[in-house]
Structures are given as C-alpha cells and as structure tokens.
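Below is one structure, written out as structure tokens; the observations come after it.
The values are calculated or read from the model by the stated rules, or taken from the named source; none is laboratory data. Quick caveat: nothing in here was measured; it's all calculated off a predicted structure. Cβ: placed from backbone, ideal geometry, glycine included. Neighbour counts: every protein chain shown.
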Amino acid sequence: MVRMTTKLLLLADTHVPARAKRLGDEVLRAVDTADVVVHAGDWVDTATLDLLESRSRRFHGVYGNNDGPELRARLPEVARFTIEDLDLAVVHESGPAAKREERMDEAYPGADVLVFGHSHIPWDTVTPRGMRLLNPGSPTDRRRQPVCTIMWATVGGGRMDVELVPVER
C-alpha cells in the first residue's frame, strides 16, 4: 500500500513591504514546491497575497492585525480545512504565551493542528487535549529571534512531522 504525504509550507508575518521589500527567493522556491501553502496573517499588502495565491497549488490564509480592509475582504479571520485525516485551523493571534495551550483547546475543540502567527516566535507544542500548535515565525522580521524562519509540515499516515527552517531575509 502506498501512503500519501502532503507537504505544507507554513508562513506568517510577512509584513511586505513594511519589513522587507519582497519575499526572498528561498521562500518563493518553497511556495513553488509545496503541496499546500498556509499563511497565518500580517501580510500588509495585497500584492503578496496575489503572488502566493498565483504560485500555490493549494492555498489557505487568514488576515492579521496589521492587514487593512482589502485583505480582510479577501481573507477570513479563521480558516479551517482538512489535510489527509488531520483537521487544521489557522488564525493570526492566539494571545499571550501563558496558558496558550489550554485557551486554544477551548477555542478550537475540533482541530488537530492550529497554525498561528503574530509573535514572530517559532512555536511547536501540544495542548493537553493533543492539538499541535505551530507558529512558523517570520521570513522577513526576526524580531528577537536569531534568524528569520519558515516551517515545513509533512502530513501522512495520520501524523505530522515539522521542520523549522531558517531563511535569508
């Protein structure tokens, strides 16, 4: 029996053109090779959304707190979808780190995985209920992190393997 695997590229907090003039070539190559591109908000410009939608095989995204009316008109606050047998949710803000796991269990009871952004801090934990919480950081604004990052998630056989990847701004 051949198992299917799906490779997801997780992005958040691109902030183009506020933090970078454009997405780096490494990020764009990743978009081109991903089966699914997921963006957890704070785009800032619609041109980046247009670019990712046009280059993605399959795309899911949400708006963030820095996104204006045009982006909010095109994107939901929360996105939900299924990959293989895993139910995923995407949201920009998940609140403070303290008690995040418990709050997200309550807020997203049916999700197996929650992708979020806002902090620019990579995050990979599991809630008491068993939901995986993932934040890919930012490919353009490292803030207090040592490097800018993206995240790969490979889904297959009911499990998800995750890799945090440093990228050049």
One residue is enough: does segment 4-14 have a residue meeting the conditions surrounded by 21 or more Cβ atoms within 10 Å (Cβ to Cβ) and either at pLDDT below 95 or polar (S, T, N, Q) (or both)? yes
Looking at (1) more than 19 Å from ASP161 (Cβ to Cβ); (2) crowded, with 18+ Cβ neighbours inside 10 Å; (3) not hydrophobic (A, V, I, L, M, F, W, C), which one does GLY110 not meet, given that it meets all the others? (2)
Restricting to segment 120-140, name every residue that is surrounded by fewer than 22 Cβ atoms within 10 Å (Cβ to Cβ), polar (S, T, N, Q) and touching a residue at least 40 places away in the same chain (Cβ under 8 Å). none
Taking segment 120-169, which residues are modelled with pLDDT under 95, assigned to a strand (DSSP E or B) and small (Gly, Ala, Ser)? GLY156
State which residue pairs qualify: first residue over 11 Å from SER138 (Cβ atoms) and among the small types (Gly, Ala, Ser) and inside segment 2-26, second residue in a loop (DSSP other than H, G, I, E, B) and at pLDDT below 90 in any location, beta carbons under 6 Å apart, and separation of 6 or more residues or different chains. GLY24/GLU168
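Let's see how each residue does on (1) of a type in the set (S, T, N, Q); (2) in contact with a strand residue (DSSP E or B) (Cβ under 8 Å, 6 or more places away or on another chain):
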site	(1), (2)
LEU11	no, yes
THR14	yes, yes
ALA20	no, no
ARG58	no, yes
ASN65	yes, no
VAL115	no, yes
Among the residues of segment 57-78, what is the count of those that are of a type in the set (S, T, N, Q) and either touching a helix residue (DSSP H, G or I) at 6+ places or on another chain (Cβ under 6 Å) or loosely packed, with under 15 Cβ neighbours inside 10 Å (or both)? 1
Segment 28-70, residues that are of a type in the set (Ser, Thr, Tyr) and closer than 22 Å to VAL165 by Cβ: THR33, THR48, SER56
Test GLY110 against the criterion of being of a type outside the set (S, T, N, Q), in contact (Cβ under 8 Å) with a residue 40 or more places away in the chain, outside any strand (DSSP E or B) and within 22 Å of THR6 (Cβ to Cβ), and give yes or no. no
Matching residues, segment 90-107, being surrounded by fewer than 21 Cβ atoms within 10 Å (Cβ to Cβ) and in contact with a Leu (Cβ under 8 Å, 6 or more places away or on another chain): ARG100, GLU101
